[in-house]
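A.B. asks: Below is the structure I would like to discuss, written out as structure tokens.
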Amino acid sequence: MDHVLSTHLFVNHRLTTVWLDRVWQLGIPAVEIFCARQHLDYRDRAQINELGHFFRDAAVQVHSLHSPMYSDDVWGRSGPNSVIDITETVKSKRLAAVDEIKRALEIAETVPFRYLIQHLGVANEEYDERKVDAGFSALEEISLFAKQRGVEVLLENIPNQLSSAERLLTFLELTHMKLNFCLDVGHANMNEGVSTAFQLMKSRIRSTHLHDNDGASDDHVFPFFGEGGSIDWKQAMELLRKQPVQCPLVLELRESPDFPVPQSMETVRQIFDKLETI
């Protein structure tokens, strides 16, 4: 299976070609770029152009882009208006969120990528039919804008009442949208369980996020190496190998005192080796 590393691992560092070179030196052929403005400022043309020059000649490629979650560069701490939520029921706020995502999608005009990984709501969001309607309205606009740039939008299962595997399927049934999924194994472990989520989502899975946790906290622990992991990776890999449409293994990890970058980069290669041989 193809290997992809999310730049979420070093999201608190500005994304430069130095980091991307390190990824390639590990033998990892592709990345998912995590859109956070302290890392990749999608409004900074100089940074985007620098990355565009790099990827034109580089062996490492961009598999996907993770849609921005905040419009600021401090993880939403500048205030509630910095949270990007496409299920926002106040139209003016939802349009502002959609505009931020469009600005991120414009990266594809300089740095081509195949998928945009999109959240439906934010963490711990409660179910509300008005939010379903708002998400539908936003995703229609985002999907069209993405398609015009050769990008497909994938919905990710996240720990809230709008985006469990079952609720994502319900969303598609209600809206008749023909969207596919990014299976986040760590988030499935916090919701209905990995096996159940896989069975529900499998016909539409086109990408993955792999990370571990204790079933309650979204800690993005290093599989096999980090403390607090509870996922049965042997079972998870058996399921992914049965996937009708083969999709890549995308590691979405979090830097920690136990695993600082760049020292943790070697551990990334070891995780991929264990996943393939388990």
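The values are calculated or read from the model by the stated rules, or taken from the named source; none is laboratory data. The shown structure was predicted, so the numbers you read here are calculated from the model rather than taken from an experiment. Neighbour counts run over all protein chains shown; Cβ positions are idealised from the backbone, glycine included. Quick note on the areas: whole protein, heavy atoms, side chains included, nothing else; ligands and nucleic acids left out. Shrake-Rupley method; radii C 1.70, N 1.55, O 1.52, S 1.80 Å.
A.B. asks: Hey, any idea what % of segment 1-139's accessible area is carbon plus sulfur with a 1.4 Å probe?
C.D. replies: After summing per-atom areas, the C and S share lands at 46 percent.
A.B. asks: Let me ask another. Multiply the residue gap between ARG103 and PHE224 by 0.36 nm, knock off their C-alpha separation, and tell me the result in nm, one decimal place.
C.D. replies: Taking 0.36 nm per residue and subtracting the Cα distance, the gain is 39.9 nm.
A.B. asks: So, one more: Divide the volume of the convex hull of the Cα atoms of segment 1-147 by its number of residues and quote the answer in cubic angstrom per residue.
C.D. replies: 121
A.B. asks: Here's another thing I want to ask about it. Over the C-alpha atoms of segment 1-69, what are the Rg and the largest Cα-to-Cα span, Dmax, in Å?
C.D. replies: Final numbers for Rg and Dmax: 11.2, 34 Å.
A.B. asks: Right, another one. Of LYS102/LYS274; LYS131/LYS234; LYS131/LYS242; LYS91/LYS147; LYS202/LYS274; LYS93/LYS242, which ones are farther than 30 Å apart at the Cα?
C.D. replies: With Cα atoms farther than 30 Å apart: LYS102/LYS274; LYS131/LYS234; LYS131/LYS242; LYS93/LYS242.
A.B. asks: To continue, here is another question. Taking every alpha carbon pair in segment 212-253, what does the distance histogram look like in 5 angstrom bins from 0, in percent?
C.D. replies: Taking every Cα pair in segment 212-253, the percentages come to 5, 22, 25, 23, 16, 8, 1.
A.B. asks: Work out the length of the dipole vector of the chain about its Cα centre, built from +1 on the beta-carbon of each Lys and Arg and -1 on the beta-carbon of each Asp and Glu, and round it to the nearest 20 debye.
C.D. replies: Working: 28 positive and 41 negative charges, 154 e Å.
So the dipole magnitude of the chain works out to roughly 740 debye.
A.B. asks: Keeping every protein chain present and rolling a 1.4 Å probe, give me the accessible area per residue for segment 66-152 in Å².
C.D. replies: 49
A.B. asks: With a 1.4 Å probe and all protein chains left in place, how much accessible area per residue does segment 168-278 have, in Å²?
C.D. replies: 43
A.B. asks: Additional query: At 1.306 mPa s and 10 °C, plugging the Kirkwood radius over alpha-carbon pairs of segment 151-278 into Stokes-Einstein gives what diffusion coefficient in µm²/s?
C.D. replies: Details: Rh = 15.0 Å.
Result for D is 106 µm²/s.
A.B. asks: Provide the packing ranking of 109-120, 180-191, 75-86, i.e. peptides ordered by the mean count of other C-beta atoms within 10 Å per residue, highest first.
C.D. replies: 180-191, 109-120, 75-86
A.B. asks: Multiply the residue separation of LEU26 and ALA46 by 0.36 nm, subtract the distance between their alpha-carbon atoms, and state the gained length in nm to one decimal.
C.D. replies: Additional length available on full extension: 4.5 nm.
A.B. asks: With the radius of gyration and the Kirkwood radius both derived from the Cα set of the chain, what is their ratio Rg to Rh?
C.D. replies: Here Rg/Rh amounts to 0.93.
A.B. asks: Now for a different question. Round to the nearest 0.05 the FRET efficiency obtained for THR16 and LYS93 when R0 = 30 Å and r is the Cβ-Cβ distance.
C.D. replies: Calculated value: 0.35.
A.B. asks: Let me ask something additional. Subtract the Cα-Cα distance of THR110 and LYS242 from 0.36 nm times their separation in residues, and report this length gain in nm to one decimal.
C.D. replies: 44.0 nm
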